């Protein structure tokens with residue numbers, strides 16, 4: 001399951017805040033409660049840990065650990081039952097000075113179900129489980145091919161990751177002197193078949209181990225070549241079922257991968273990369289056709305926000321997180337839709353170079 005941009009942003013902000021905290025001793029408490037697990041059992045376990053903490057030699061550390069556990073128990077009692085996706089709770093004394101106490105508590109119902117139960121007392125909060133939720137696990141396989149070359153890659157989130165390349169030994173169209181046309185045609189056909197089989201073998205090697213995380217495969221190249229490859233059973237079984245479409249391309253190298261992505265919007269319409277490209281294409285079209293209906297740069301866009309003139313606010317993910325959240329809060333007051341645009345697409349890089357803030361307006365503001 002992929003997280004939407006807003007879920008990722010809020011989770012990333014919490015992780016950043018938790019990682020910024022440092023305990024003077026081993027006294028930060030992290031607890032992860034799995035979905036559907038009895039929260040009462042967790043509270044009982046923490047009460048037992050309070051008793052165990054009485055054995056800590058350092059009076060200051062003992063007090064901080066017991067106080068953190070008490071704070072967490074009090075917080076968990078606010079929940080009549082474990083939330084549907086589980087719960088992650090973090091408590092600890094964040095005071096930077098020995099002997100002072102500033103007990104804090106953070107909690108979050110994760111955007112995806114928790115499947116682990118954990119209690120840990122450490123100098124840092126344990127956030128790797130939350131960080132793992134940010135990782136894109138679902139991917140698409142991309143294959144671009146012609147009679148001579150092929151490149152295999154993954155589309156993970158918005159990033160194209162090249163996996164492997166292969167080159168064929170298919171003879172050119174000119175045959176060697178003295179070689180008969182039928183013999184040359186047979187040699188060319190055999191080399192083609194070997195080339196296609198090698199591509200299929202690479203697809204099995206690279207894509208099959210991904211299992212259910214492989215959402216689909218898109219194949220591109222010159223139409224005749226793609227049809228020749230697809231109309232024979234070079235790819236079979238489960239991998240063949242994963243092929244969700246083909247596209248007619250002009251290139252088979254890195255340009256071909258980008259061309260395949262550009263032409264596959266219809267196949268990837270549910271994916272953020274396609275949604276981002278579509279909204280940014282809308283922005284640039286408006287900029288070209290009706291420049292008064294868009295703004296870019298912080299000064300002009302903030303002015304439009306204050307006038308409640310913004311329909312869609314476009315923010316580069318490259319902006320500081322605190323800045324993004326403040327702009328989101330301001331946008332929410334006027335019912336403005338906010339889109340966080342990555343810097344992993346060409347359009348996203350353009351937005352970053354334009355100051356990282358832009359907007360599509362409801363009306364011209366002059």
| message | So residue 245 ticks every box in (1) modelled with pLDDT of 90 or more; (2) in contact with a helix residue (DSSP H, G or I) (Cβ under 7 Å, 6 or more places away or on another chain); (3) within 18 Å of residue 140 (Cα to Cα) but one. Which box is left unticked? | response | (2)
| query | Does residue 114 count as buried (at least 16 other Cβ atoms within 10 Å of the Cβ), under 22 Å from residue 10 (Cα atoms), in contact (Cβ under 8 Å) with a residue 40 or more places away in the chain and touching a strand residue (DSSP E or B) at 6+ places or on another chain (Cβ under 8 Å)? | reply | yes
| said: If I ask for residues that are under 16 Å from residue 349 (Cα atoms) and in a loop (DSSP other than H, G, I, E, B), which ones from region 281-308 would you list? | reply: 297
| field | Cβ pairs under 7 Å, 6+ apart, first in region 219-235 and at positive phi and touching a residue at least 60 places away in the same chain (Cβ under 8 Å), second assigned to a strand (DSSP E or B) and crowded, with 22+ Cβ neighbours inside 10 Å | value | 221/144; 221/145
| request: Determine, yes or no, whether residue 295 is in contact with a strand residue (DSSP E or B) (Cβ under 6 Å, 6 or more places away or on another chain), at pLDDT 95 or above and surrounded by 17 or more Cβ atoms within 10 Å (Cβ to Cβ). | output: yes
| request: Run residue 56 past the list (1) assigned to a loop (DSSP other than H, G, I, E, B); (2) modelled with pLDDT under 95; (3) touching a strand residue (DSSP E or B) at 6+ places or on another chain (Cβ under 8 Å) and report the number of the one that doesn't hold. | output: (3)
| query | Got a number for residues in region 70-103 being touching a helix residue (DSSP H, G or I) at 6+ places or on another chain (Cβ under 7 Å) and under 15 Å from residue 118 (Cβ atoms)? | reply | 7
| request: Return yes when residue 311 is assigned to a strand (DSSP E or B) and either modelled with pLDDT under 95 or more than 24 Å from the chain's Cα centre (by Cα) (or both) and no when it is not. | output: yes
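If you take the residues of region 260-272 that are part of a helix (DSSP H, G or I) and in contact with a strand residue (DSSP E or B) (Cβ under 7 Å, 6 or more places away or on another chain), which of them is surrounded by the most Cβ atoms within 10 Å (Cβ to Cβ)?
Residue satisfying both the conditions and the ranking: 260.
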| task | Look at residue 43 and say whether it is in the same structural domain as residue 92 (by TED's automatic domain parsing), surrounded by 14 or more Cβ atoms within 10 Å (Cβ to Cβ) and out of contact with any strand residue (DSSP E or B) (no Cβ under 6 Å at 6 or more places or on another chain). | result | yes
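Given the criterion within 26 Å of residue 272 (Cβ to Cβ) and without any contact (Cβ under 8 Å) to a residue 12 or more places away in the chain, identify the matching residue among 247, 241. Spell out how you get there, then give the answer.
On the way: 247 fails: without any contact (Cβ under 8 Å) to a residue 12 or more places away in the chain.
Result: 241 is the single residue among 247, 241 that is within 26 Å of residue 272 (Cβ to Cβ) and without any contact (Cβ under 8 Å) to a residue 12 or more places away in the chain.
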| said: Being modelled with pLDDT of 95 or more, closer than 30 Å to residue 158 by Cβ, crowded, with 18+ Cβ neighbours inside 10 Å and not assigned by TED's automatic domain parsing to the domain that holds residue 213 is the requirement here; does residue 18 meet it? | reply: yes
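The values are calculated or read from the model by the stated rules, or taken from the named source; none is laboratory data. This is a predicted model, so every value here is computed, not measured. Counting neighbours? That spans all protein chains shown, and the Cβs are built from the backbone with ideal geometry, glycine included.
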